[in-house]
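Engineer: Quick one: the structure is below, questions incoming.
The values are calculated or read from the model by the stated rules, or taken from the named source; none is laboratory data. Computed from a prediction, not measured in an experiment: that's the story for all the values here. Neighbour counts run over all protein chains shown; Cβ positions are idealised from the backbone, glycine included. Each accessible area value is taken on the protein alone, full model and side chains, heavy atoms only, with ligands, DNA and RNA left out. Shrake-Rupley method; radii C 1.70, N 1.55, O 1.52, S 1.80 Å.
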Amino acid sequence: MLDLEVVPERSLGNEQWEFALGMPFSQAISILQKHCRIIKNVQVLYSEQTPLSHDLILNLTQDGIKLLFDATNQRLKVIEVYDLSKVKLKYCGVHFNSQAIVPTIEQIDQSFGATHPGVYNAAEQLFHLNFRGLSFSFQLDSWNEAPKYEVRMDRFSSIPHGAMVKRMHIYTGNNLQETKAPAMPLACFMGNIFAECVDVLRDGAGPLGLKLRLLTAGSGLGVMADAKVRYLERSIFFGDSCQDVLGALGSPHKVFYKSEDKMKIHSPSPHKQVPSKCNDYFFNYFTLGVDILFDSTTHLVKKFVLHTNFPGHYNFNIYHRCDFKIPLWDQIQELLGHPMEKPVVLHRSSSANNTNPFGSTFCFGLQRMIFEVMQNNHIASVTLYGAPRTTSQARPESSASSH
């Protein structure tokens with residue numbers, strides 16, 4: 001049985017790990033994978049047809065805990081303990097729920113102190129007692145009447161004695177119904193950079209490159225030195241060298257050399273069947289949700305791939321979601337709704353396992369952009385192509401700012 005510390009408006013965890021509000025989905029998965037011998041039977045719940053309309057949920061069925069992630073930014077929004085009999089809970093190092101301590105209204109009063117009178121929901125027959133960033137729900141189905149409010153000496157006696165906690169929620173702010181996922185905590189950066197947003201730079205003919213607004217933790221000397229989030233702006237263009245990209249974004253998480261190109265057969269090039277003597281290679285920036293492809297001969301940027309990280313896609317949880325913006329998006333959506341040509345069907349699989357439980361996706365081409373669309377009509381990735389700049393074109397200076 002897990003023994004966890006409750007920190008209102010912040011986290012649930014122990015000395016080895018912590019689920020913190022604002023944590024990216026992938027980091028929560030990493031914790032579960034690392035402690036898979038202790039935390040078992042985890043479910044991933046999402047809406048297959050409308051993934052943006054419902055929270056993305058990790059259900060720890062063995063431990064009675066749900067982690068609710070915002071469907072858009074995929075950061076932890078709410079921590080719910082829905083079965084307190086499966087977990088031990090403590091606050092400020094003192095248990096208020098365990099096999100020996102029953103989480104009654106009196107115990108919550110003793111552990112957390114006074115608060116405002118709660119709210120009774122007659123439909124659910126639950127009484128919700130709220131603290132800042134923390135709420136307890138008490139089951140009142142054994143009483144026929146709604147509880148009466150009586151406040152004296154800053155203490156509440158509106159819930160019948162002995163009422164037990166049915167659910168507990170940790171969240172940001174004062175209202176569970178209106179809470180949002182907070183900004184990513186500094187502890188979650190772990191030396192990585194993240195993209196707040198990515199703008200696709202383009203002209204009338206097609207894309208030119210990317211403008212990225214980046215977030216990174218302070219880089220001063222020492223662990224706690226300059227401990228704050230910094231905002232940087234960097235621009236990458238087709239035809240940039242490896243050195244340009246490394247100077248702007250730092251080292252990639254992985255370098256991947258292409259062994260095959262499944263879309264090569266659709267190229268108009270007469271040399272498409274001629275095998276290359278060397279392979280193009282990707283810089284994979286997983287926390288940015290971006291891949292950058294370099295030409296194996298010139299070592300210049302020739303392609304960008306932006307990933308949306310939708311659940312139900314073959315590459316889900318490999319990348320963080322890339323929040324990209326493309327100018328003239330309304331016109332692009334209209335054209336995608338009435339494509340000039342039939343889409344190319346793409347079936348992803350690995351060399352070790354050729355099965356794909358999520359099915360094929362469909363690729364639509366438009367103005368040197370390929371949109372990979374899932375069977376629920378949501379975009380899984382966007383691939384941008386562009387000719388390298390000529391020598392007469394000066395590279396725009398990247399701007400940087402921090403605050």
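Engineer: For TYR231 and GLN43, FRET efficiency with R0 = 41 Å and r from the beta-carbon atoms, rounded to 0.05?
Structural biologist: 0.70
Engineer: Could you give the nm distance between label points at SER98 and HIS299, where each point is 7 Å from its Cα heading toward the beta carbon?
Structural biologist: Label at SER98, label at HIS299, 6.1 nm between them.
Engineer: Using a simple spin-label model with points 7 Å from Cα along the Cα→Cβ vector, what separation in nm is obtained for ARG213 and ASN121?
Structural biologist: 3.4
Engineer: Please list 15-26, 240-251, 38-49 highest first by mean number of surrounding beta-carbon atoms within 10 Å per residue.
Structural biologist: 15-26, 240-251, 38-49
Engineer: Below 14 Å Cα-Cα, how many Lys pairs turn up in the range 18-113? Only count pairs eight or more apart in sequence, or on different chains, if you could.
Structural biologist: 4
Engineer: If I take R0 = 22 Å and measure r between the Cβ atoms of GLN110 and GLU15 in this structure, what FRET efficiency does the formula 1/(1 + (r/R0)^6) give, to the nearest 0.05?
Structural biologist: Taking R0 as 22 Å, the efficiency between GLN110 and GLU15 is 0.35.
Engineer: Using 19 Å as the cut-off for backbone N distance, which residues of the range 104-141 belong to the label zone defined by a point 7 Å from the Cα of GLN177 along Cα→Cβ?
Structural biologist: The answer is 116-140, whose backbone nitrogens lie closer than 19 Å to the label point.
Engineer: Subtract the Cα-Cα distance of SER85 and ASP323 from 0.36 nm times their separation in residues, and report this length gain in nm to one decimal.
Structural biologist: Residue separation times 0.36 nm, minus the Cα-Cα distance, leaves 81.7 nm.
Engineer: How many nm is it between the label spots at CYS278 and CYS197, if each spot is 7 Å from the Cα in line with the beta carbon?
Structural biologist: Using points 7 Å along Cα→Cβ, the separation is 3.9 nm.
Engineer: Also, I was wondering about something else. In square angstrom, rounded to the nearest 10, how much accessible surface does VAL373 have for a 1.4 Å probe?
Structural biologist: It works out to around 20 Å².
Engineer: If R0 is 45 Å, what FRET efficiency do you get for PHE189 and HIS161 from their C-beta distance, rounded to 0.05?
Structural biologist: 0.45
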